[in-house]
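Participant: Attaching a single structure in structure tokens format; questions to follow.
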Amino acid sequence: MTHIRHDSWTSPLRLLLALPLLFCLLWGCSGRHDADMRDDGPTGPVTRVEKGDRVFVEVEGGSTQHQEDFASMLTAYLQSDRGLSTADEPEDADYIIRVRIDDVFTKEMKSASPGVGRTFGSTATGALLGMALGSLGGRRGAIVGAGIGAAAGLGVALADAEGKLQVWAMDVSYGIWRSDEDIRDKDMQQTTVSAAVQVDRGREEALPALDDSFCQHLLSVIRN
């Protein structure tokens, strides 16, 4: 299990860290994705948040490094696309998000469509750059791992893909609670996200794309 804490970074260091990410994005990093007021949305119950609300994110399952990278990517999306702030502790948060990785597995092979790997959404661009420039918190290695690791991982695994692609999938359980609510496993939702990578890439190379797919799903159920 991991969560994000706040560390102070100087502006020059943030800028230097952002440059590799921007370079990677400009060269076409890409993921292929198949994927308190609450109401029902097309992908499940929707949680309404306000910009500036504080969120505490924790990830379970998989390696410690992947947990940190996943939590950093998810936090960056929430900051970039929903205007949320991070909380150092659950008791300091307005919302608590718990994510559990249940399984990662391969699915079918598919043919790469022309131009796969050539585009990268503005949402993901903002999130990845936010890892370097935003106040993500967490230990410094988590920002480096999530920022450069996720961007480079997506670029290596997905950019300029040709021929056959291997589809990977990840079963995820997740929950979103207000800080004054009881956190219960039985309230968690389940979803499966998928991503296609080159056939010569393995599980570790597929993880950043799967994480990104889940981030897109979560953004569909957390709205302003």
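Participant: Are there any pairs with C-beta distances below 8 angstrom linking a residue in the stretch 199-224 that is within 16 Å of G83 (Cβ to Cβ) to a residue that is among the acidic types (D, E), with the two at least 6 apart or on different chains, and if so which?
Facilitator: Correct list of pairs: L219/D81; N224/E50.
Participant: Pick from V167, V197, V116: which is over 14 Å from the mean Cα position of the chain (by Cα), modelled with pLDDT under 85 and hydrophobic (A, V, I, L, M, F, W, C)?
Facilitator: Exactly one of V167, V197, V116 is over 14 Å from the mean Cα position of the chain (by Cα), modelled with pLDDT under 85 and hydrophobic (A, V, I, L, M, F, W, C), namely V116.
Yes/no matrix, rows are residues, columns are (1) among the charged types (D, E, K, R); (2) at pLDDT below 90; (3) not in a strand (DSSP E or B):
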site	(1), (2), (3)
L16	no, yes, yes
L25	no, yes, yes
S30	no, yes, yes
T47	no, no, no
K51	yes, no, yes
H66	no, no, yes
D81	yes, no, yes
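Participant: Test Q166 against the stated conditions and say whether it is part of a strand (DSSP E or B), of a type outside the set (A, V, I, L, M, F, W, C) and more than 20 Å from G62 (Cα to Cα).
Facilitator: Answer is yes for this residue.
Participant: Identify, by number, the condition in (1) touching a Phe, Trp or Tyr at 6+ places or on another chain (Cβ under 6 Å); (2) assigned to a loop (DSSP other than H, G, I, E, B) that V59 doesn't meet.
Facilitator: Among (1) touching a Phe, Trp or Tyr at 6+ places or on another chain (Cβ under 6 Å); (2) assigned to a loop (DSSP other than H, G, I, E, B), V59 violates only (2).
Participant: Hey, another quick one. Taking the stretch 173-221 as the region of interest, how many residues are among the β-branched types (V, I, T) and crowded, with 21+ Cβ neighbours inside 10 Å?
Facilitator: Within the stretch 173-221, residues that are among the β-branched types (V, I, T) and crowded, with 21+ Cβ neighbours inside 10 Å number 3.
Participant: So for the stretch 74-88 (the condition being within 11 Å of the chain's Cα centre (by Cα) and surrounded by fewer than 21 Cβ atoms within 10 Å (Cβ to Cβ)), does at least one residue qualify?
Facilitator: no
The values are calculated or read from the model by the stated rules, or taken from the named source; none is laboratory data. In this text, all values refer to a predicted model and were calculated from it rather than measured experimentally. For neighbour counting, all protein chains shown are included, and Cβ atoms are generated from backbone atoms with ideal geometry for every residue, glycine included.
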